[in-house]
Amino acid sequence: MRITMTDWIHQVLDGYIKEGDCCIDATMGKGGDTYYLCSKTGIDGKVYAFDVQEDALRQTKEKLDKHEMNAKLILDGHEHMKKYVKESEVSCIKFNLGYLPGGDHHLATKTNTTIEAIQAGFELLKTGGIMSICIYSGGDSGFEERDGVLEYLSQLDDRKYFIARQDFPNKRNNPPMPVFIIKL
Ligand code: SAH
């Protein structure tokens, strides 16, 4: 058998999302997570998805088109999410950092805008809602974004946020690090 990082993360998120909820995919990419969030929230729910690349919107639209899903695909940086999302009771916000595999490595997420987006996300997340950040590092990505995001998270008030991160001791080639933040 094979356990993918995506399935692993979705198993955690499953417990926090129900039909009718509003969710945000902060890094649309190929739309896998947008699809996942839509399938959980259903036609009565709403998913806002962000990416800075036209190609991500095109691929995601293609993935969702065959299904009845209530998603709004937005061509803009996640750091501007508050401009678009008017709901303030978001149950899940999902980030997949780094670059789009097979795409332009220069169009990767960046420490400063990622942190701005996390801060904006905290304002939209409901109490008991979850933010998931899958941090990719090593290779072209380097370690700057990982270290910057972890440093930012480490100084948050533990009475306001419960934060867990996971690592995979025997996994080769700089495995990604999933981080889960629950707003208390
Ligand atoms: N590294 C992951 C995929 C990350 S995809 C993996 O291997 O599976 C990251 C996506 O974030 C890319 O599609 C990229 O275009 C997008 N992105 C980069 N900067 C962004 C920003 N400011 N706002 C929203 N999306 C952004």
Does Ile74 satisfy being β-branched (Val, Ile, Thr), in a strand (DSSP E or B) and within 11 Å of the ligand (Cβ to nearest atom)?
-> yes
Starting from the stretch 159-184, take each residue that is more than 16 Å from Trp8 (Cα to Cα) and list its partners that are exposed (fewer than 10 other Cβ atoms within 10 Å of the Cβ) and modelled with pLDDT of 95 or more, counting only C-beta distances under 8 angstrom and pairs at least six apart or across chains.
-> Lys183/Thr127; Leu184/Thr127; Leu184/Arg159
Is it the case that Leu64 is part of a helix (DSSP H, G or I), over 23 Å from Ala117 (Cα atoms) and without any contact (Cβ under 8 Å) to a residue 40 or more places away in the chain?
-> yes
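Does Val47 satisfy the condition of being surrounded by 14 or more Cβ atoms within 10 Å (Cβ to Cβ), on the phi < 0 side of the Ramachandran plot and more than 12 Å from the ligand (Cβ to nearest atom)?
The answer is yes for Val47.
Matching residues to (1) among the small types (Gly, Ala, Ser); (2) assigned to a loop (DSSP other than H, G, I, E, B); (3) free of Cβ contacts under 8 Å to residues at least 12 places away in the same chain:
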{"position": "Thr6", "(1), (2), (3)": "no, no, no"}
{"position": "Lys18", "(1), (2), (3)": "no, yes, no"}
{"position": "Asp33", "(1), (2), (3)": "no, no, no"}
{"position": "Tyr36", "(1), (2), (3)": "no, no, no"}
{"position": "Ala49", "(1), (2), (3)": "yes, no, no"}
{"position": "Gln59", "(1), (2), (3)": "no, no, no"}
Cross-chain or 6+ apart pairs with Cβ under 7 Å, the stretch 86-109 first and without any contact (Cβ under 8 Å) to a residue 60 or more places away in the chain, then more than 11 Å from the ligand (Cβ to nearest atom) | Ser88/Leu124
Filter the stretch 99-135 for residues that are surrounded by fewer than 22 Cβ atoms within 10 Å (Cβ to Cβ), within 17 Å of Arg165 (Cα to Cα) and not aliphatic (A, V, I, L, M); the one that is nearest to the ligand (Cβ to nearest atom) is Cys134
Subset of the stretch 19-40 (residues that are farther than 9 Å from Ala71 by Cβ and more than 10 Å from the ligand (Cβ to nearest atom)) = Glu19, Gly20, Asp21, Cys22, Cys23, Ile24, Tyr36, Ser39, Lys40
Selection count where residues are closer than 29 Å to Thr127 by Cα, part of a loop (DSSP other than H, G, I, E, B) and not hydrophobic (A, V, I, L, M, F, W, C), scope the stretch 77-102 = 6
Scanning the stretch 126-149 residue by residue, the ones that are in contact (Cβ under 8 Å) with a residue 24 or more places away in the chain and in a helix (DSSP H, G or I) total 8
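The values are calculated or read from the model by the stated rules, or taken from the named source; none is laboratory data. None of the values given here were measured: they were computed from a predicted structure. Reconstructed Cβ throughout: ideal geometry from the backbone, glycine too, with neighbour counts over all protein chains shown.
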